[in-house]
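Presented below is the structure to which this report refers.
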Amino acid sequence: MRRLPIFFVLDVSESMVGEPLSQMEEGIEKIVSTLRQDPHSLETVSIGLIAFAGKAKAITPLIDLVSFYPPKMPIGGGTSLGIALDVLMKEIDTQVVKTTLEARGDWQPLVFLITDGKPTDQPQASVARWQKEYADQVSMVAITLGKNADMQVLKQLTDDVLTLESSTEEDFRKFIEWVSASVKAQSQQIEVEGQSSGVSLAKVSEGGLTLVKNTEQYSNSDPDYVILTGKCSKTKKPYLMKYAKIQTAGMDQFIKQERFGLEGAYALDNTYFEWSSEQFTPESVNTSVLDGAPPCPSCGNTIAFAICECGHILCMDGSGFVECPWCDKPLQFDMNGKGGDFNVNRGQG
């Protein structure tokens, strides 16, 4: 049986923490559940899942629908698109059966690349290799969650670049339904017509998506989020604090400095470091532009926003005494002092 290989290449960078990552996990489950109800898809579709942050890995090899089990998504620092492309190309080379003189191989693979940010690596060499060796043999659809992705780079990978500008639950549901319908249509075309023509974009608007035509209308400015990485002083596990840009309803021109409000704090495990880039030069942000300080999401300590002399963020209770989980240095904070604003390193995004 000739398979229809479907690869999902998913951004699991820090900016996806919280609801976006939960939506993505639920979305993959919904896609698989929907396709399992379609006899054409059951016969042909195989799914592979690649996740990327600062690093990239195939967390599910190409496998048939019945055997596919949606994994728990990791999260890490960085958006290494070039490394993700390298992993994708390796998976295509090793997992997709090629046609030979003796036998017909798999159908043309479909790739859904989903990201919400700009590359933090240097993807040019990988993009060039994709253009030269794979672009004509693989059907790719790149989908951005919001407007902060690098549209110019994505357009070098595929003409089919779509953006999901709204993040409401309803719009995300429509988006997932469009992906499911696109895969079903492709599998049905293979079964009935014996050919593969790639994903049709005729009904993208029904999925809440917009086809990107003019990349110049999209800004290359910094994302609308500030992500900070801390470590729990009790468990020594990482956590993220996510701040979203405060919208000022057309008053931006009168405000000298952007402000970011706390969106949430999220406990992680140490796999975060396994998925984070090691070649990262951090940028700083001053605490004066950040509104809100959460308790530690890992242990419940009342303060999750203390900073050590080593430059890292940690949590502490109200005693003022703590050992830094980053450098193991004993610290004493003045709990009665007012303190002042200070710079902290932003996460990798």
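Read-outs: derived from the displayed coordinates by stated rules, not from any lab. Because the structure is predicted, anything quoted here is derived from the model rather than measured. Cβ: placed from backbone, ideal geometry, glycine included. Neighbour counts: every protein chain shown.
Which value in Å does the Kirkwood hydrodynamic radius of region 63-154 take, with 1/r averaged over all unlike C-alpha pairs and then inverted?
15.1
Any chance you could get the radius of gyration and Dmax over the Cα atoms of region 308-349, in Å?
Computed over the Cα atoms of region 308-349, radius of gyration and Dmax are 11.4, 34 Å.
Relative contact order of region 225-345: what whole-number percent is it, with Cα pairs under 8 angstrom and at least 6 residues apart?
Relative contact order here is 26 percent.
Rounded if a/c is under 1.5, else prolate if a/b beats b/c, else oblate: with a ≥ b ≥ c from the C-alpha gyration tensor eigenvalues square-rooted, which is region 272-324?
Taking the square roots of the gyration eigenvalues as a ≥ b ≥ c, region 272-324 is prolate.
What's the extension gain from Glu170 to Gln247 if we count 0.36 nm per residue and subtract their Cα-Cα distance?
Additional length available on full extension: 25.5 nm.
What are the residues whose amide H is under 5 Å from the amide H of Leu331, where those residues sit 5 or more places off or on another chain and H is modelled from the backbone?
Excluding prolines and chain starts, which carry no amide H, the hits are Val322, Glu323, Cys324.
What distance in nm separates the two pseudo spin-label positions at Asn336 and Lys132, each 7 Å out from Cα along the beta-carbon direction?
About 6.9 nm, to one decimal.
With label points built 7 Å along Cα→Cβ from the Cα atoms of Leu262 and Asp64, find their separation and express it in nm.
Result for the modelled spin labels: 5.1 nm.
Taking springs between alpha-carbon atoms closer than 10 angstrom, which of Ser67, Ser187, Ser139 fluctuates most in the Gaussian network model of the chain?
In the Gaussian network model the winner is Ser67.
For a quick check of your reading of the filter: which GluC sites (Glu not before Pro) in region 273-318 sit in a DSSP loop and have no more than 16 other Cβ atoms within 10 Å?
Glu278, Glu283, Glu309
Each residue of region 36-44 in order: what ³J(HN,Hα) in whole Hz does its phi give by Karplus 6.51 cos²θ - 1.76 cosθ + 1.60, θ = phi - 60°, with x for Gly and Pro?
5, 8, 9, x, 5, 5, 4, 6, 10
If you take the square roots of the eigenvalues of the alpha-carbon gyration tensor of region 253-349 and sort them as a ≥ b ≥ c, do you get rounded (a/c under 1.5), prolate (a/b over b/c) or oblate?
Oblate, since a/c reaches 1.5 and b/c is not below a/b.
Are any of the pairs Lys118/Lys184; Lys55/Lys118; Lys147/Lys245; Lys57/Lys155; Lys55/Lys90; Lys155/Lys213 more than 19 Å apart by Cα-Cα distance, and if so, which?
Lys118/Lys184; Lys57/Lys155
Straight distance only, please: which lysines reach the Cα of Lys237 with their own Cα at less than 17 Å, same-chain residues fewer than 8 apart left out?
Lys329
What do you get for Rg/Rh of the chain when both radii come from the Cα atoms and Rh is the Kirkwood radius?
Using Cα coordinates only, the ratio equals 1.02.
For region 1-71, what is the convex hull (Cα atoms) projected area averaged across all directions, in square nanometres?
Taking the Cα atoms of region 1-71, their convex hull projects to 4.7 nm² on average.
Would you mind checking which residues have amide H under 5 Å from Ala53's amide H? H placed 1.01 Å from N; only 5 or more apart, or other chain.
For Ala53, the qualifying residues are Val12, Ser80.
Taking 0.36 nm per residue of separation and subtracting the Cα-Cα distance, what length does fully extending Glu102 through Asn286 add?
Stretched fully, the Glu102-Asn286 segment lengthens by 59.8 nm.
Give me the number: length gained by fully extending Ser319 to Gln124, i.e. 0.36 nm times residue separation minus the C-alpha to C-alpha distance, one decimal in nm.
Stretched out fully, the Ser319 to Gln124 stretch lengthens by 65.1 nm.
Which chymotrypsin sites (Phe, Trp or Tyr not before Pro) in region 278-349 pass both tests, a DSSP loop state and at most 10 other beta-carbon atoms within 10 Å?
Qualifying residues, ordered by number: Phe342.
Can you list residues from other chains, or at least 5 along the same chain, whose modelled amide H is less than 5 Å from the amide H of Ile143?
Correct list: Leu113, Ile114, Thr115, Leu162.
Can you run phi through the Karplus equation (6.51, -1.76, 1.60; θ = phi - 60°) for region 277-293 and list ³J(HN,Hα) in whole Hz, with x for Gly and Pro?
5, 8, 9, 10, 9, x, 9, 9, 9, 8, 5, 5, 9, 10, 9, x, 9
Looking only at Cβ-Cβ distances, which cysteines of the chain have no other cysteine closer than 4.7 Å?
If one checks each Cβ against the other cysteines of the chain, Cys232, Cys299 turn up with nothing under 4.7 Å.
What trypsin sites (Lys or Arg not before Pro) in region 37-82 are in a loop by DSSP, with at most 15 other Cβ atoms within 10 Å of the Cβ?
Hits after loop and neighbour filter: Lys72.
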